[in-house]
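Beneath this line is the structure, given in structure tokens, with notes to follow.
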Amino acid sequence: MILQRYVLRELIAPFIISVLFFSFIMLLRQLFRIAELILEARVDLVTMSELTAIIVVTLLILTVPMGAMLGTLVGIGRLTSENEILAMRVAGISLPQIFLPVFIVAFLGSIALTWTSVSFIPNLLQRLEERQSVIEFELLTRLEPGRNYGDLAPRGADVSLFFEERGERQAGDGPYTLRMKQVALRVEGEAQQLAGAQVAGTSGPERRESVFFSERGTIIGDYETRSVRLILEDGILIPLERANPVRESSVRFEQMEHVITPRTDEERLDRIDPRTLTLNQLRGIIAVEPTGEMYADPARGRLTREWQAYLNAKTELYQRFTLPWSLLAFVLIAVPLAVELRPQAKTVAFFIAIGLFTLYYVMFTSAGALGMMNSPLTLPAYLAPNLLIGAVGLFLFWKVQRS
């Protein structure tokens, strides 16, 4: 037992360092995706720390197995290269006796990661999504005059907003209300939504373009419905006729309302992040397979909204129960590799780990591709990486034990 505890202690430091290393690399990638939002909104240190902590915890499902692989290769590789494992075997202690606690810890860790993946991480991702939504709505009240904002478009439209100065807030204004003066708005969208001629060079549904100028404007964000309304007052509407500018005419209006970011349930059905859904919600979505056409555009392989939501939920459910067990699979193969190859140099261990990570990633993403085609081989494909790497690890361990 003393020697077994000694082996476990020798693995703790390289495991923690490896997890921190991979967490740092993946954290930078995640923060880069929301960096513009964070900088534009000028979030405070507390909010930034909260977002960072949530992201780090949600990444543990990936970084812990990766850290266990690299940490095992480095830690056991050092023990092997310094003949400590050999000394234990000469003393009559077999490899299964030496490494049984390591395998048990990996097994228990996989169970813990499965619980984390199924129950804990979805709640954190919901919290992260909510915090990002709050930041987005807070950003609406911080739009600066004299700048052109071209990223306020709803789905299927192109919107550009400009205003010269802020207006005074009034009694009854909500927390996500911005009043503006001298507003210009250009909107390009589907023909049934706008007046004007068809936009040249566009494909698909007919699109039209209009320009609005108004003395006053108000942006009202409704966080509960995740919608944003733009109200223009005392202005003119000009439906553009690019093919024949002479035919352009203006229409005066006292008040006009435009929804900038509508997010109805129907429109967001295929945009819901399945990682934020609970286990019961995922099961509810996949309980009944859609009966309609699978592809909205067969030539491009574009799924319909119903099939997109169904397959996203199905693959997410499989991932939650298979990805955590990569921890056990990686440890099973890392132990015999470390004993046999003796990767004393950390770079050697690192490249071995990267090679195995790449193999696992290719197999796992291939399973996801099968899942989005509704293949009956999806579940076996998700199980295959863990079973293959674990089986190879057990075989190598058996060979090393016999040598």
Original post:
Name the residues in region 103-131 that are within 19 Å of residue 62 (Cα to Cα), of a type in the set (Val, Ile, Thr) and more than 19 Å from the chain's Cα centre (by Cα), would you?
Top reply: 105, 111
**OP:** Could you grab me the full set of residues in region 310-343 that are at pLDDT below 90 and either surrounded by fewer than 21 Cβ atoms within 10 Å (Cβ to Cβ) or not aliphatic (A, V, I, L, M) (or both)?
**Re:** 340, 341, 342, 343
Subject >> Residue in region 98-109 that is free of Cβ contacts under 8 Å to residues at least 24 places away in the same chain, surrounded by fewer than 19 Cβ atoms within 10 Å (Cβ to Cβ) and within 18 Å of residue 334 (Cα to Cα) present >> reply: yes
**OP:** Could you grab me the full set of residues in region 159-174 that are surrounded by 11 or more Cβ atoms within 10 Å (Cβ to Cβ), assigned to a loop (DSSP other than H, G, I, E, B) and small (Gly, Ala, Ser)?
**Re:** 167, 174
Subject >> Unmet requirement for residue 284, which otherwise passes all of (1) in the same structural domain as residue 133 (by TED's automatic domain parsing); (2) at pLDDT 90 or above; (3) not charged (D, E, K, R) >> reply: (1)
Subject >> Any chance residue 65 is under 31 Å from the mean Cα position of the chain (by Cα) and at pLDDT 90 or above >> reply: yes
Original post:
Can you tell me which of 203, 250 is in the same structural domain as residue 159 (by TED's automatic domain parsing) and modelled with pLDDT under 75?
Top reply: 203
Original post:
Assuming residue 86 fulfils every condition listed in (1) within 30 Å of residue 236 (Cα to Cα); (2) out of contact with any Leu (no Cβ under 9 Å at 6 or more places or on another chain) apart from one, which condition is it?
Top reply: (1)
Original post:
Given the conditions (1) within 20 Å of the chain's Cα centre (by Cα); (2) modelled with pLDDT of 85 or more; (3) not assigned by TED's automatic domain parsing to the domain that holds residue 130, which single one is not true for residue 273?
Top reply: (2)
Original post:
Can you name the residue in region 375-403 that is buried (at least 16 other Cβ atoms within 10 Å of the Cβ) and under 29 Å from residue 307 (Cα atoms) and, of all such residues, is nearest to the chain's Cα centre (by Cα)?
Top reply: 382
Subject >> Any hit, region 75-82, residues being assigned to a loop (DSSP other than H, G, I, E, B), modelled with pLDDT under 90 and either buried (at least 16 other Cβ atoms within 10 Å of the Cβ) or of a type in the set (Asp, Glu) (or both) >> reply: yes
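The values are calculated or read from the model by the stated rules, or taken from the named source; none is laboratory data. A quick note: this is a predicted structure, and the numbers were derived from the prediction, not measured. Methodologically, a virtual Cβ is constructed for each residue, glycine included, from the backbone with ideal geometry; neighbour enumeration extends over all protein chains shown.
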